[in-house]
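K.L.:
Take a look at the following structure, please.
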Amino acid sequence: MGNHVYTCGMTEHEPQEIGLREARAILGDIAHAAATDQQVTYLTSHGRRIAAVVPAHSGHVVTAVGELRRLADKFEGDEKQSYGGANDAYNHVVFELRERADTLEGDL
């Protein structure tokens, strides 16, 4: 990418930020950098990050993390409803789900 936003002395693969207006003009370049260089680019509005363009595999990991956390919350809610308190088996499942989500999230 020849755009100055991506060459401001930062190391390769360091997340970048770009305003929405500027991003519209070079969205193809941003997507290409995500796909080929594993570049993460945060889109900003009024200086605040509102979205990200990430490599496709990262999107799958984010989806998996969300699903693991949803399952942990469901197990935790089911356990409280069914047993009215702590149950070692349910606690273990919830712990494992949250651990795996944290591990995946750390890989992003």
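K.L.:
Can you name every residue in the stretch 30-69 that is touching a His at 6+ places or on another chain (Cβ under 9 Å) and over 23 Å from ARG100 (Cβ atoms)?
P.N.:
ASP37, GLN39
K.L.:
A further question follows. How many residues does the stretch 20-52 hold that are acidic (Asp, Glu) and at pLDDT below 95?
P.N.:
Final tally of qualifying residues: 1.
K.L.:
Looking at the structure I just gave you, is LEU97 modelled with pLDDT under 85 and not in a helix (DSSP H, G or I)?
P.N.:
No, not satisfied.
The values are calculated or read from the model by the stated rules, or taken from the named source; none is laboratory data. This is a predicted model, so every value here is computed, not measured. All Cβ positions, even for glycine, are placed from backbone atoms using ideal geometry, and neighbour counts span all protein chains on display.
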